[in-house]
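Single-structure report; data block below.
The values are calculated or read from the model by the stated rules, or taken from the named source; none is laboratory data. The structure presented is a predicted model; accordingly, all values stated were derived computationally and were not measured. When we count neighbours, we look across all protein chains shown, and the Cβ atoms used for this are built from the backbone with ideal geometry, even at glycine. In case anyone asks, the SASA skips ligands and DNA or RNA and just uses the protein heavy atoms, side chains included. Shrake-Rupley method; radii C 1.70, N 1.55, O 1.52, S 1.80 Å.
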Amino acid sequence: MCSLLNFPTPPPDGTITVCEANSELVNTDNNNEDILNRYKDMMNIPDITVERSPNTLVHESAKSAFIEHKQTVLKKIIATWHEHGCMGVLEEIANMKGEVSPWICKTVCGILMSIRWLNSLHGSIFPHLLLSSEDLVCEFSHTLDWQSSPVKVFAWHPHVMKFAAALNDDSVKIYTVNNSLVPTLKHKLQKYVADIAWRPFSSSEVALACQSCVLVWHVDPKSLATRPSTACVQVLSQTGHSPVTSLCWCPQGGALITASPADTAMMVWDVSMERCEPLRRFGGGGVSFINWSPDGSKVFAATPSTVFRVWHTQKWEVEKWSNPCR
């Protein structure tokens, strides 16, 4: 059984832990860079420089790049459906005064008022559901001060000496020890990256939790391309399952679980088939964090409320727990 008594003693006052080498923590004082540089040379750790600049990234729709022209009502509705979904269609129709019948506008406005009232009622129980996608990611990301951090997410590969770093421009860079080539991953759907997970027993597959979907990149370690094409990525999306803030591969690498604080269901993905099976339990207001046990027998799922669950993966039975002291 694991115990904190088996952990190494913390470094003394005035020193910091700089790295781990041969299963031992290496400590030094704040002003001594010699020991850090020595271990960097021994381990061939890539030298990374990230500029701390203000986050001026603005996400604009493709619509702003074109000159506006008149469209028929049907074309407007279809375009809005593809870009903003059902709520977007209702809001578009409500703003079409003079283009559609007045009774249609009144009916749609009544439907919108009812939906907003229900959402406000639900939001009074779970206030986080009233937040925007960016605020949800900032609230439930594993990274402290995610919004202003120059490195949004960082993830070591479990078996290979390589890691992925998501930067504040939504790009993800892959660094490998003893390799000067640094592939940069970029996709039009790669926005608000909140989590990164390498697939076990695969040196090329990495999953990114994004605003509207999950992106699974296949980056060939032998490729000389510094900017892999979109043909190297799979897009996994499910209606209502966004923004995705947490994801985790099973220890054998066969399945991927994703979670969103705005969705009460976790999605278990068969990545090769791009299909998912929802694991839904009501209560908690969503799923903010998930983690697979090392032996693959259990999945821990936390919610934005005091409720958390433990799933048994053999029959996908669930235990519900709560923390009344929160």
task: Take the alpha carbon gyration tensor of region 129-278, find the square roots of its eigenvalues, order them as a ≥ b ≥ c, and report rounded if a/c is under 1.5; if not, report prolate when a/b exceeds b/c, else oblate.
output: oblate
- line: Using alpha carbon centers only, region 254-298 is separated from region 175-230 by a whole-angstrom value of 21
- line: Along principal axes, largest first, the alpha-carbon spread of region 251-308 in whole Å comes out as 32, 24, 13
query: Rg and Dmax of region 224-326, using alpha carbons, in Å: what are they?
result: 14.9, 54
statement: Checked against a 22 Å limit on the C-alpha separation, the offending pairs among 162/188; 76/191; 162/186; 76/106; 152/191 are 162/188; 76/191
field: 19 Å Cα-Cα reach of residue 75 towards aspartates and glutamates, excluding residues that sit fewer than 8 places from it in its own chain
entry: 83, 91, 92, 99
task: Starting from the residue with the highest accessible area, list 264, 9 in decreasing order, probe 1.4 Å.
output: 9, 264
message: Just to make sure I understand: if all protein chains stay in place, what is the order of 274, 205 by accessible area at 1.4 Å, largest first?
response: 274, 205
message: For the ranges 194-204, 151-161, what's the packing order if you count other beta-carbon atoms within 10 Å of each residue, average per peptide, and put the highest first?
response: 194-204, 151-161
field: With DNA, RNA and ligands ignored, accessible area of residue 298 (1.4 Å probe; Å², nearest 10)
entry: 80
